Amino acid sequence: ERRERERKLSKEMAEKATRELEKMQLQEKSKVKYKEWMKKKRAEESEKKKKEKEKERERQAELQEKKERSEKVFKEWLHNARNKARPVLNGYGYPHGKSTGLYFY
């Protein structure tokens, strides 16, 4: 009876030790998977940030190019506006450059 109890007790201890070992192995496995997952997440996040920076750089370049084009067009317009013929102020209805309303002959 005593030997049987001891055998039972040792069997229970062995099972308990086995369960603890399995539990520890499972925890280690889960830690490794978590670390891999975190590493993957960080890589994805850095890639996302890199793409966002690239898009921002492209947007800034487009804005700069648009600004330069508009300044060039404005300068051309300004240059052409100076060379345009001025309207005649002493024409019909504008004697001496002042509007007089209807002009009768």
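Extension gain Glu52-Glu68, at 0.36 nm per residue separation less the Cα-Cα distance, in nm? Provide the component values of the computation, followed by the final result.
On the way: separation 16, 0.36 × 16 = 5.76 nm, distance 2.43 nm.
In short, 3.3 nm is gained.
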Check: Which ³J(HN,Hα) values in Hz, rounded to whole numbers, follow from the phi angles of region 66-80 under the Karplus curve 6.51 cos²θ - 1.76 cosθ + 1.60, where θ = phi - 60° and Gly and Pro get x?
Finding: 4, 5, 5, 4, 5, 5, 5, 5, 5, 5, 5, 4, 4, 4, 5
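Assuming 0.36 nm per residue, please report the length gained on full extension of the stretch Met24 to Lys8 beyond their Cα-Cα distance. Don't skip to the answer; put the middle values down first.
Numbers: separation 16, 0.36 × 16 = 5.76 nm, distance 2.41 nm.
Net length gain for the segment: 3.3 nm.
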Item checked: Gyration tensor verdict on region 8-92 (Cα atoms; rounded if a/c is under 1.5, prolate if a/b is larger than b/c, oblate otherwise) -> prolate
Margin query: Using the Karplus curve 6.51 cos²θ - 1.76 cosθ + 1.60 with θ = phi - 60°, what ³J(HN,Hα) values do you get for each residue of region 57-64, in whole Hz, with x for Gly and Pro?
Written below: 4, 5, 5, 5, 5, 5, 5, 5
Notebook entry, point to check: If you add up the charges near Ala43, with Lys and Arg at +1 and Asp and Glu at -1, over every other residue whose beta carbon is less than 12 angstrom from its beta carbon, what do you get?
Noted result: +3
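The numbers here are math on the coordinates, done by the rules we state, and not lab data. Computed from a predicted structure; not experimentally measured. FYI the Cβ positions are ideal-geometry reconstructions off the backbone, even for glycines, and counts take in every protein chain you see.
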